[in-house]
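Working notes, beginning with the structure itself.
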């Protein structure tokens, strides 16, 4: 069972933050923060219909609550002063043809509010996701990152994730190339 963990940041202008497992009460904040970060990342040139529909569909509060209710799904949040600063969404026992492990966990999303990037929050959330994957009995954590997000690609490489190949994220007949990263996180007991 995950306990709340308070992190002191190296940057004195950054608030202390706590990492904890999300509750259903967090669903609406995760939803809105997810929309904000998705749009900051994938709509730097402005809004168009396909992006608007994608973000409204994937981050609606009812859908986030529905995803949270799935037994193999875990959301972890980082918060400070009762504000959610970022979150990780994970799906245990997720398979992908590029993942060489029989039982792995997918890191579906690791989203940090832009104002709080580069302060150790993403690294701490990622480490907690890795720990949670091991606690759930899986052997590796894998994720995909959009090729247009150079900062994310560099971040995962710096955290010992190995690139395993390319995959496509498709919505409304638009295709976005992603890189799949994987890291062995632990071995099953027994």
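Each reported figure results from applying straightforward, stated rules to the coordinates on display, with no laboratory input. Please read these numbers as outputs of a predicted model, since none were measured by experiment. All Cβ positions, glycine included, derive from the backbone under ideal geometry; neighbour counts span all protein chains shown.
In the chain, the DSSP-assigned H stretches of four residues or longer account for a calculated mean residue ellipticity at 222 nm of -9500 deg cm²/dmol, using -39500 (n - 2.57) per stretch and the full residue count as denominator.
Recomputing percent of Cα pairs over 30 Å apart from the coordinates shown identifies the correct label among (i) 50; (ii) 41; (iii) 15 as (iii).
Hey, what's the Kirkwood Rh for the stretch 71-147 if you take every pair of different alpha carbons, in angstrom?
13.0 Å is the Kirkwood radius here.
Springs between Cα atoms under 10 Å define the GNM used for the chain, and in it the highest mean-square fluctuation of 106, 177, 82 occurs at 82. Using a cutoff of 8 angstrom between alpha carbon atoms and counting only pairs six or more residues apart, the relative contact order for the chain works out to 17 percent. Gain on full extension, evaluated as 0.36 nm per residue between residue 171 and residue 149 minus their Cα-Cα distance, stands at 6.1 nm. Sorting 48, 179, 123 from the fewest to the most surrounding beta carbons within 10 angstrom yields 48, 123, 179. Using a Gaussian network model of the chain in which every pair of alpha carbons under 10 angstrom is joined by a spring, one finds that among 56, 126, 85 the greatest mean-square fluctuation is at 56. By the count of other C-beta atoms within 10 Å, a proxy for reagent exposure, 16, 79, 135 are ordered fewest to most as 16, 135, 79. Here the relative contact order of the stretch 78-150, from alpha carbon pairs under 8 Å that lie six or more residues apart, stands at 32 percent. Across 170, 105, 139, mean-square fluctuation computed from a Gaussian network of the chain (C-alpha pairs under 10 Å connected) peaks at 170. Centroid-to-centroid, using Cα positions, the stretch 56-87 and the stretch 129-155 are 17 Å apart. Note on residue 52 and residue 25: with the Förster distance fixed at 30 Å, the Cβ-Cβ geometry gives a FRET efficiency of about 0.65.
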